[in-house]
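For reference, the structure discussed in these notes is given below.
The values are calculated or read from the model by the stated rules, or taken from the named source; none is laboratory data. It should be emphasised that the depicted structure is a prediction, and the values quoted were computed from it without experimental measurement. Methodologically, a virtual Cβ is constructed for each residue, glycine included, from the backbone with ideal geometry; neighbour enumeration extends over all protein chains shown. The area values use the complete protein model at the heavy-atom level, side chains included, leaving out ligands, DNA and RNA. Shrake-Rupley method; radii C 1.70, N 1.55, O 1.52, S 1.80 Å.
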Amino acid sequence: MPVPTPAALRAGLDRLLAERGTPLVIAHRGTTLGSFPDNTVRSAIGALRSGADVIETDVVRSADGEYFLFHTGYEQKLFGIDCDVREMTAEQLEAAVFRWQGGASSPGVERLDALLEALPETWINIDRSWGLWPDLLDHLADRGVEDRILLKSPPRQEHLRALAEHPTPFLYFPIVRTADELAAVEAVDGINLVGAELLAAGPGDDFARPEAVAAVGDRHRLVLLNALNLENGSVLYLGADDDTSVLEGPDLGWGRLIRVGATAIQTDWPHLLRAYLTAR
């Protein structure tokens, strides 16, 4: 198959933004309610039926070189044992049983390909995979899914180089805290840059200023502001987060992100964010 042009892939994202409207709802690891563990096909289907536009997922590589959906560091929480999924074989991962969700009769850790095949029309944002580039990029290109994949990473030179040197112009956005970080990414030739995830922990940060966010939006279609409440307590965007939105009111959380210029919001509550967007 011919390699798509950067413009053709960007046109696909433009269509998504036009058809779904903004902000896009990006479901963090799917929707992990009931018996659905995160980073599974089940949680992805649940998120789509909850109104998500894009499924965010994490990818690891097994000891024997197969790609699976998992966030490293959560082994003890999810399996109840001390292990590292990256040291397990594909057979061991598929036999693993989630401790609190899923149950013994449900699939274990699932392959990336299972998600790609189960949801062939779905947009997927692959997170925490940058240490596997460029081999993972080859894997995705071989499966012809580059027209619905969004990649992101910290703005480190080795990751940017892997993207720039790959023949497939994957849609990409960096996770940045400063204007200088974003400018450095914009200066790299050969990257199909479509936007950025902007972080601001406090009012002194570069992207805490609405005019700075607007400047990014003037140059790029995708301006992702993150509403997640992480277990480590990191503030991703000025406390305009899921906890505030659910407990105090969506105008105080998600509404602030929209007003400052988000064209995409990552959330653990896609159904409530979708209901809020619909009501607006």
Exercise for the section: Provide a single number: the residues in region 163-174 that are in contact with a Leu (Cβ under 7 Å, 6 or more places away or on another chain) and among the aliphatic types (A, V, I, L, M). Expected result: 1
Exercise for the section: Considering each of Val3, Val54 in turn, give the residue that is at pLDDT below 95, among the hydrophobic types (A, V, I, L, M, F, W, C) and within 24 Å of Leu222 (Cα to Cα). Expected result: Val3
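Scan region 182-235 residue by residue and report those that are of a type in the set (Asp, Glu) and either crowded, with 20+ Cβ neighbours inside 10 Å or modelled with pLDDT under 95 (or both). Walk me through it before giving the result.
Looking only at region 182-235, we keep the residues that are of a type in the set (Asp, Glu), and these are 186, 189, 197, 205-206, 211, 218, 231.
Within region 182-235, Glu197, Glu231 qualify.
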Problem - Inter-residue pairs, beta-carbon under 8 Å, first under 26 Å from Leu69 (Cα atoms) and in region 9-35, second of a type in the set (Val, Ile, Thr) and assigned to a helix (DSSP H, G or I), 6+ apart - result: Pro23/Ile258; Gly30/Ile45
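Rundown of residues vs (1) touching a Leu at 6+ places or on another chain (Cβ under 9 Å); (2) not aliphatic (A, V, I, L, M), yes/no style:
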position	(1), (2)
Asp14	no, yes
Leu24	yes, no
Thr31	yes, yes
Thr57	yes, yes
Lys77	no, yes
Pro107	no, yes
Practice task
Say whether the condition of being over 17 Å from the mean Cα position of the chain (by Cα), polar (S, T, N, Q) and open to solvent by less than 50 Å² (accessible area, probe 1.4 Å) is met by at least one residue in region 93-102.
Solution key: yes
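Among the strands (runs of 3 or more DSSP E) confined wholly to region 56-174, which include 3 or more residues that are in contact with a strand residue (DSSP E or B) (Cβ under 7 Å, 6 or more places away or on another chain) and of a type in the set (Val, Ile, Thr)? Even if it seems obvious, please write down each step before you answer.
Values: elements: 67-69, 123-127, 149-153.
Those strands (runs of 3 or more DSSP E) do not exist here; none qualify.
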Completion exercise
Among (1) under 18 Å from the mean Cα position of the chain (by Cα); (2) open to solvent by 60 Å² or more (accessible area, probe 1.4 Å); (3) over 21 Å from Gly261 (Cα atoms), Arg177 falls short only on (3)
Exercise for the section: Scan region 236-249 residue by residue and report those that are exposed (fewer than 14 other Cβ atoms within 10 Å of the Cβ) and acidic (Asp, Glu). Expected result: Glu248
